[in-house]
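S.K.: One structure coming up, written as structure tokens, with questions to follow.
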Amino acid sequence: MNKNFPFIFVVFLILFCFEPIFGQIQKDTTALSEIILEASPIKTTLQNTAASVSFITKKDINRSDGVILTSVLNKIPGVSMQQGALNTNRITIRGIGARTQYGTAKIKAYFENIPLTSGEGETIIEEIDMESIGSIEIIKGPNSTSFGSGLGGVIHLFPQQTTLQESFVKSATTYGSFGLIKQNLSAGYSNAKSNLFSSYTHLQNDGFRINSAYDRKSFNLHGKQRINTKGNLSFLGIFTRLKAFIPSSINETDFYNNPEKAASNWAAAKGNESYDKLLMGMGYSHLFSEKWSFKTSVFLNIKKANEARPFDILNEKTNSLGFRSTVNYKSTLFSVPFEASLGTEMLAEKYQFSLFENLYASQPGQGSITGNQFSGINQNRDYINYFLQMELQLLQNLYLESGLALNKTNYSLKDVFQNNALPQKSAYSFGSVWSPRLGLSYKITDGKNIYTSISNGFSVPSVAESMTPEGEINTNLKPEMGWNYELGFKGNWLNTKLYTELVLYSTQISNLLVARRTADDRYVGINAGESSHIGIEFSINYLLLKTSNWQIKPYFSGTINTFKFNHFIDGDSDYSGNALTGVPDSQWNLGIDLSTEKGFSLNTSFSSVGKIPMNDQNSKYTNAYRLLDIKATYRFKMLKIIKTELSSGINNAFDKLYAANILPNAVGFGNALPRYYYPGNPRNYYGGISIAYVFE
């Protein structure tokens, strides 16, 4: 990065503050509480729903550097995204999934009703380019019976759409520290019947750590077409090509003295992952009458990947096909408004992997070298969800929400690499799992609601967790089950200028599934006990000042929790009463958004993360840390049809050394120290420009 960039950044801010170039302030026209939630089959407002749901707008997404959703999601109370690298992340909601060794589990994710979660429960959303995301809804806890096995909750992404009756072509480029280059080209078309949006993005980053280069190309196409007054057709296609190197975690000594270092074996092997991935879906909705409506979608997910690791080289192929359909009925029941939705979601997935020896040590400096194959497995994973959701207005100000879901998940494995033996095939089903939910929302006065809910969720073990070290399926393994109890308040004050939300919850999980290490980066799952997740979440959004020239909006959100093992015995070790591994005891975010009539905006975000237990013994904790991010943006028009945007920002302004991600229960083999730490990026800068040609 140019050493003069910090000076340029400061000059950029000064010019924005004092240069009176014509612009236009972007004013919010809809109160947060009035937003209609789109994820649920039965549409309701954020204010009236009897659940803790967070809504993220496109403006919220644009306050970040546009590279990854980490800072966006970490502003949501109860949500934590730990970022080890651009391709190494773990998302948890209310502590659920915190002990997952790698990646995100126990949380469902969708993009326009297309599952981003695999058949065995792994969720990856960081590969979705932020330019293609229009908004996000996050349902915390098992509060949605219509989305299957999300014990921690559901993250629903919605695609960016072209503004009604507007068409455009846009080019945007961002440069930043550590070799960051992001180039985006997008276009859209919209009229009364059609809406089309497409974008191509090339994201490159050298990374501040050794062996952390990242290169991703992605193409997104989304369209909606009104067939007639009652029918609508939609289409979504996303293609991603990724090549990302993996620095892995490092030990405590290197974390404090040499955080840019990669794990020695991963650096020697030049460990990396690469894949091509295609996600496609097509949907159709039809309004039969004022009472009956129907919505259906089919989706396809194809992925071919390779991962070079010090201990082996993994080749894998994934093909999945599924559909999702709902039928809604809206009428009156005993003279009160009533709406019901009956639906199903099915996914069939074929997964194949082969393991090869990695001969990197035989030719030092060459990186990973593929040797002989020593394993090959074909897996079939499939699930089917049936769900029923109902909403009933019991009294003028009292609303009842209820739901019931049924899930059936099956795995089958076939060993296709056996010497002198016939292929072996084994199958297992987790049986039928029922998930009920009941919620009540009471309107105290206009703009103020109190709600309560009780719900049940589950999470099935992954295939890897289900297998014993001998390669057999552990048929004694059970799904995790959790009951969630919630009490919340949502309130508008001062003529909707102030919006507040307060939530108290308790989630009690049984059949706690934990990963027991059997070798370097090898784990098996066991049901080891019970955990308790109790916490308080709060958020405040305030329109402090709104004039013809200025708009200032401070916000404050946070969570305080007590997550612990109620009963947890792993072998000869009893961890009952210990704090849950991998979750901070508190997390809060304070920020101010300022915008002017001249087109200038300034966004600041100050976040605090408490200490995190790194192992089940609670013998090691990370240090608490605080981060300050700042972004300045200037928007103006040229010739009335060319929209230009200049932006510049700084992340981690205080240059704090912190653990952005951890490897729970890391173990050092031989004389090596355990490698717990993924260091976060030090202070880094970025700046960008976008030019859009807009026409009607």
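Just so it is clear, none of the values below were taken in a lab; they were calculated from the coordinates. Everything quoted here is computed from the prediction, not taken from an experiment. Because the Cβ atoms are built from the backbone with ideal geometry, glycine has one as well, and the counts that use them run over all protein chains shown.
S.K.: Semi-axes of the chain's equivalent ellipsoid from the Cα gyration tensor, sqrt of 5 times each eigenvalue, largest first, rounded to whole Å?
M.R.: Output for the chain: semi-axes of 37, 33, 26 Å.
S.K.: Per-residue ellipticity at 222 nm for the chain, helices alone: DSSP H runs ≥ 4 residues times -39500 (n - 2.57), over residue total, nearest 500 deg cm²/dmol?
M.R.: -1500 deg cm²/dmol
S.K.: Can you list residues whose amide H is under 5 Å from Lys497's amide H, if they're 5+ apart or on another chain and H is modeled 1.01 Å from N?
M.R.: none
S.K.: Something else about it: Taking the alpha-carbon centroid of each part, what is the distance from the stretch 595-611 to the stretch 219-261 in angstrom?
M.R.: 25
S.K.: Could I ask something else about it? How many angstrom lie between the Cα centre of the stretch 394-412 and the Cα centre of the stretch 352-369?
M.R.: Cα centroid of the stretch 394-412 versus Cα centroid of the stretch 352-369: 49 Å apart.
S.K.: When every alpha-carbon pair in the stretch 139-192 is counted, what percent end up more than 16 Å apart?
M.R.: Looking at the stretch 139-192, the distances longer than 16 Å represent 67 percent of pairs.
S.K.: Considering only C-alpha atoms, what is the centroid distance from the stretch 114-177 to the stretch 75-97, in Å?
M.R.: Here the two parts' Cα centres lie 15 Å apart.
S.K.: Each residue of the stretch 619-632 in order: what ³J(HN,Hα) in whole Hz does its phi give by Karplus 6.51 cos²θ - 1.76 cosθ + 1.60, θ = phi - 60°, with x for Gly and Pro?
M.R.: Couplings: 8, 9, 10, 6, 7, 5, 8, 9, 10, 10, 10, 9, 9, 10 Hz.
S.K.: For Ser375, which sequence-distant residues (separation of 5 or more, or a different chain) have an amide H within less than 5 Å of its own amide H, given hydrogens modelled in the peptide plane?
M.R.: Leu355
S.K.: On average over all directions, what projected area in square nanometres does the stretch 344-446 have, based on the convex hull of its Cα atoms?
M.R.: 13.2
S.K.: A further question follows. Give the lysines reachable from Lys637 as a straight Cα distance under 19 Å; neighbours fewer than 8 places away on the same chain don't count.
M.R.: Within reach: Lys27, Lys59, Lys170, Lys598.
S.K.: Going down the table (Lys230/Lys277; Lys193/Lys291; Lys140/Lys243), which pairs top 29 Å between alpha carbons?
M.R.: From the list (Lys230/Lys277; Lys193/Lys291; Lys140/Lys243), the Cα-Cα distance tops 29 Å for Lys230/Lys277; Lys140/Lys243.
S.K.: Now for a separate question. Could you derive backbone 3J(HN,Hα) for the stretch 111-124 from the dihedral phi with the Karplus parameters 6.51, -1.76 and 1.60 (θ = phi - 60°), listing whole Hz in sequence and x where the residue is Gly or Pro?
M.R.: Karplus values, whole Hz, x for Gly and Pro: 10, 6, 6, 9, x, 9, 8, 6, x, 9, x, 7, 10, 10.
S.K.: How big is Rg to Rh over the stretch 62-218, alpha-carbon atoms, Rh as the Kirkwood inverse-mean-distance radius?
M.R.: 0.99
S.K.: Would you please name the trypsin sites (Lys or Arg not before Pro) within the stretch 125-195 that are DSSP coil residues with at most 15 other C-beta atoms within 10 Å of their C-beta?
M.R.: Hits after loop and neighbour filter: Lys193.
S.K.: Alpha carbons only, please: Rg and Dmax for the stretch 195-336, in angstrom.
M.R.: Final numbers for Rg and Dmax: 23.2, 72 Å.
S.K.: While we're looking at this one, here's another question. May I ask you to evaluate 6.51 cos²θ - 1.76 cosθ + 1.60, the Karplus curve with θ = phi - 60°, for each residue of the stretch 665-676 and list the ³J(HN,Hα) values in order in whole Hz, giving x for glycine and proline?
M.R.: Whole-Hz 3J(HN,Hα) from phi for the stretch 665-676: 6, 4, 10, x, 8, x, 9, 6, 6, x, 9, 7.
S.K.: Counting other C-beta atoms within 10 Å, which of Thr145, Thr88 has the fewest, and how do the rest follow?
M.R.: So the ranking, lowest neighbour count to highest, is Thr88, Thr145.
S.K.: Hey, another quick one. How big is the stretch 87-136 by the Kirkwood estimate over distinct Cα pairs, in Å?
M.R.: 11.6
S.K.: Moving to a separate point now. If one puts a single equal scatterer on every Cα of the stretch 257-391 and applies the Debye formula without solvent, what log₁₀ I(q)/I(0) results at q = 0.10, 0.11, 0.14, 0.22 Å⁻¹?
M.R.: The calculated log intensity ratios at q = 0.10, 0.11, 0.14, 0.22 Å⁻¹ are -0.58, -0.64, -0.79, -1.20.
S.K.: Residues with amide H under 5 Å of Asn474's amide H, sequence separation 5 or more or different chain, H placed in the peptide plane at 1.01 Å from N; which?
M.R.: Amide H neighbours of Asn474, under 5 Å, 5+ apart: Met467, Thr468.
S.K.: Specify which residue in the list Val154, Tyr360, Thr633 is farthest towards the positive end of the charge dipole of the chain, using unit charges on the beta carbon of Lys, Arg (+1) and Asp, Glu (-1), about the Cα centre.
M.R.: It is Thr633.
S.K.: Kindly provide log₁₀ I(q)/I(0) values, in the same order as q = 0.20, 0.21 Å⁻¹, from the Debye equation applied to equal alpha-carbon scatterers of the stretch 25-133.
M.R.: Here the Debye-derived log intensity ratios amount to -1.29, -1.38.
S.K.: Full-extension gain between Asp446 and Gln617, please, as 0.36 nm times their residue separation minus the C-alpha to C-alpha distance.
M.R.: 56.6 nm
S.K.: Something else about it: List the pairs from Lys217/Lys553; Lys217/Lys414; Lys261/Lys553; Lys317/Lys611; Lys270/Lys631; Lys304/Lys408 whose alpha-carbon separation is above 31 Å, in the order I gave them.
M.R.: Where the Cα-Cα span goes over 31 Å, the pairs concerned are Lys217/Lys553; Lys217/Lys414; Lys261/Lys553; Lys317/Lys611; Lys270/Lys631.
S.K.: Nothing charged except the Cβ atoms of Lys and Arg (+1) and of Asp and Glu (-1): what's the magnitude of the dipole of the stretch 5-695 about its Cα centre? Round to the nearest 20 debye.
M.R.: 1600
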